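Accompanying notes for the structure given below.
The values are calculated or read from the model by the stated rules, or taken from the named source; none is laboratory data. Predicted model, so just to flag it, every value in this text is computed and none were measured. FYI the Cβ positions are ideal-geometry reconstructions off the backbone, even for glycines, and counts take in every protein chain you see. Calculation scope for accessible area: heavy atoms of the full protein, side chains included, ligands and nucleic acids excluded. Shrake-Rupley method; radii C 1.70, N 1.55, O 1.52, S 1.80 Å.
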Amino acid sequence: MNRIAAKLGEVGLPEPVAGLAKRDWDAVVVGGGHNGLTAAAYLARAGRRVLVLERRERLGGAATLERPFADERCVISPCAYVVGLLDRLVIDELELQRRGLRYWMADPNLWVPFDDGTAFGQWLDDAKTQANLEQLGVSTTDIAGYWAYEELFDEVRKRLRKGQRDTWVGDAPNRDEIERLLGSREMIDLVFEASIAEVLDDHISDERLKTALFGQGIIGTWGGPRDYGTASIKLMHFQGDLDGRGPLWGYVEGGMGMCSFAIADAAAEAGATLACGVEVATIEPGEGVTLTDGTVIRSATVICNADPKRLLGMLGGHAIDAGYRERLEAWKVRSPVVKFNAALERLPDWTAAPGESWPARATIDLTGTVDEAQAAFEACERGEPAVGFGEIYIQTGYDPSPAPEGTQLLSVFGQYAPYEVNGGWEARREDVARQFIDLIDRFAPGFEDTLIEYEVLSPADIESRIGLTGGNIFQGEVTPDQMWGGRLAARTPVDGLYLCGAATHPAGSVIALNGRNAAAAVLADQGAALAVA
C-alpha cells in the first residue's frame, strides 16, 4: 500500500498556502478527483511544475474512501463501487498495479434474482450462463436472441475502441466518423437513438430476461428504460476491457478509492504537489486561481476537474465566449440516483440462493419489470422518490479488509429519487431508507435484521459532500446529446483553461482517460508530448 493510500487520501498541505503562493506553477489542477490526479501525473512526468488543489480533506473526488459509521474500522467508497472502465493505457503507463491497485473480477458479473425464487446470472464462464438460461426454461429462440444482444454491444465496442483508432483517446469523433466506423444502421441507432427497451424487444421476448437486463441502460440516467438514448447508457458502461477480457466489472482491494490513491502516488512520484483542504474561489484565465482566503496562486495554465456548473461559478464575471457560456449554462446535470451504504452483521440470505455466500461476489440488480421502472421514473419526475431499481455491491464478498472481522459492507446504487423531493429530504430520508430495505427484503427476507448502521445519500447530499452539481456522478447526463461530440472537450475557448473532469470526452465513470486527454492537449499546445515510459 502506498503512503497516500495508507492515509486514505488525507495528504493535508505540503507546506503553508503562503509558501505555495510564492511559486510560479506551470499548471494548477482544480480538484483532486481521479481525473485531476491523472492529468497532474502526466504533466509532472513531462517536467511541468504542477499543483493540485482539492477543497476536501481527502483526494479522490467521487472515487475516494470514507469512514461514515460509528465504527471507524468500516471504510466505504461512497459513490464509486466497482472498476471496469479504468483504462489499460493509464493502468500501464502510470504503473498503478505497482502502486497497489489490485482487484477481483465479479463472478457472476451480473446476478438478478426474481420474485419466484429463480435468478439470472451472467457468469465469467459463458457455459455457466448458457446453462442458467436453459435451467430457467428460456426458449432456444430467446437464448439465441440473448447472445445476439450481447454480441451487438460488443461489436460496437470493438469498432469504436479497437478499430481504426481508439475513439476514447484524444478528441471525440463526430457523428459522421462514428457512422463510418460502425457502418450499420442498427449499431448507429444503438449509439444515438434507441432506448434500452427497444433493443431488448428487438432481440428477446422473455420478460424475465428483459427484467434482468434493462437496468444496464438506466444507470445514473434521468430517464426510464423506454426513454430515448438509454441503450447508449449500457454502451458507455460496456466499453471497458478489464485485463483484456472485455467489458467486465471488478472489486478493487480496499475499495474504489484505491484507484485514485494509486494515481495520486504516480503524480507525487513524478513531482506534482498535492494539497488538500484548499478551496478555489475563482479562476483567473491566463493568470492562475484565487483561493477563498484571497490567496493568489500563479499559473498560466489551469486544468479544471470540477463540473461545468462549478466552473461557471469560479469564472464569475470573466468575459468568455458567449456560445461557450451558454453551453455550460445549458449543460444537463439532473440525477435520479440515491445511495444506500450499510454495515451488516452477516450477508443477506437470498431466496434464489439459500445459504450461499457466492452472490456477495457478484454485482446484483434488484428490480421489477421494465414498465415498473418506467413508472418509478415518472414518479421521480413528479418529485416522488420511488426506489424501484437497486444495483448492489458487497465489498467484503471478496475483500474483508475494509471492515472489522465478521462485518459485511453493502452499497446500493438506487433509482429513482430527485434532487428536490416532495416534503424535503430531511423529512423523507427514512422513508427512502425504508424503500431500500423493503426492496432488498423482497429478495432476501430478513435483510433488515442484518443491519448495523446505514446512510442514505440523496443527490443533494452527493452535491454537498463531493461537490458534484445536482449530485450527478458523471458531471452531466450521458444520454447521446451529451456524449461524443456533445461531451465537453479538454480544450476550451478560454486561453490557458482546460477541462479534465467526467463532463469531458469520453464519458463519466472511473476511466482516467479524461485526465490523460487533458494533459495531452496541454502538452500538444505547448509543442510537447505525453511522457508515458
Loop only by DSSP, 12 or fewer other Cβ within 10 Å of the Cβ. Give me the trypsin sites (Lys or Arg not before Pro) in segment 371-442 that pass, ordered by residue number. ARG382
Heads up, segment 16-67 by the C-alpha gyration tensor (a ≥ b ≥ c square roots of eigenvalues; a/c under 1.5 rounded, else a/b over b/c prolate, else oblate) looks oblate
Three-way shape call for segment 72-212 based on the alpha-carbon gyration tensor, with the a/c threshold at 1.5: oblate
Quick one: Cα centre-to-centre distance for segment 346-392 and segment 1-19, in angstrom? 38 Å
Quote the relative contact order of segment 75-231 in percent (integer), defining contacts as alpha-carbon pairs under 8 Å separated by 6+ residues. 16 percent
Can you give me the angle between helix 257-269 and the longest principal axis of the chain, using Cα atoms only, in degrees from 0 to 90, rounded to the nearest 10? 20 degrees
For the chain, take the longest principal axis of its alpha carbons; what is the angle in degrees between that and the long axis of helix 34-45, to the nearest 10 within 0 to 90? 40 degrees
Keeping every protein chain present and rolling a 1.4 Å probe, give me the accessible area per residue for segment 362-485 in Å². 33 Å²
Magnitude of the Cβ-charge dipole (Lys and Arg +1, Asp and Glu -1) of segment 460-501 about the Cα centre, nearest 20 debye, reported as 140 debye
TYR42: net charge of surrounding residues, Cβ under 12 Å, Lys/Arg +1, Asp/Glu -1, itself excluded? +2
Can you pull the one-decimal nm distance between simple spin-label points at ARG98 and LYS162, each 7 Å off the Cα toward Cβ? 2.7 nm
Rounded Å value of the spacing that divides the Cα centres of segment 48-126 and segment 403-420: 14 Å
Once both axes come from the Cα atoms, what is the angle between helix 425-443 and the longest principal axis of the chain, in degrees from 0 to 90, rounded to 10? 40 degrees
Relative contact order [Cα under 8 Å, 6+ residues apart], segment 468-533, whole percent: 27 percent
Straight-distance crosslink candidates among aspartates and glutamates, where the alpha carbon sits under 16 Å from LYS128 and sequence neighbours closer than 8 are dropped: ASP107, GLU150
Taking DSSP loops as anything outside H, G, I, E and B, show the longest stretch in the chain free of GluC sites (Glu not before Pro) there with at most 16 other beta carbons within 10 Å. 421-533
Which FRET efficiency value, to the nearest 0.05, is calculated for ALA319 and ARG346 with the Förster distance at 60 angstrom and r the Cβ-Cβ distance? 0.50
Describe numerically, in nm with one decimal, the distance between label points set 7 Å from Cα along Cα→Cβ at THR141 and at ARG442. 2.9 nm
Relative contact order as a percentage, the chain, C-alpha pairs under 8 Å and 6+ apart, gives 24 percent
Share of carbon and sulfur in the accessible heavy-atom surface of segment 296-420 [1.4 Å probe, %]: 49 percent
Starting from the Cα of LYS309, draw a straight line to each of the lysines and keep only those under 24 Å, dropping any in the same chain fewer than 8 residues away. LYS332, LYS339
Taking every DSSP bridge whose two residues both lie in the chain, the antiparallel percent to the nearest 5 is 70 percent
Would you tell me the accessible area of LYS162, worked out with a 1.4 angstrom probe on the heavy atoms of the protein chains, in Å² to the nearest 10? 120 Å²
Under a 1.4 Å probe, counting only protein heavy atoms, ASP92 has an accessible area in Å², nearest 10, of 80 Å²
LYS158: which lysines have alpha carbons under 23 Å from its alpha carbon, excluding same-chain residues fewer than 8 sequence positions away? LYS234
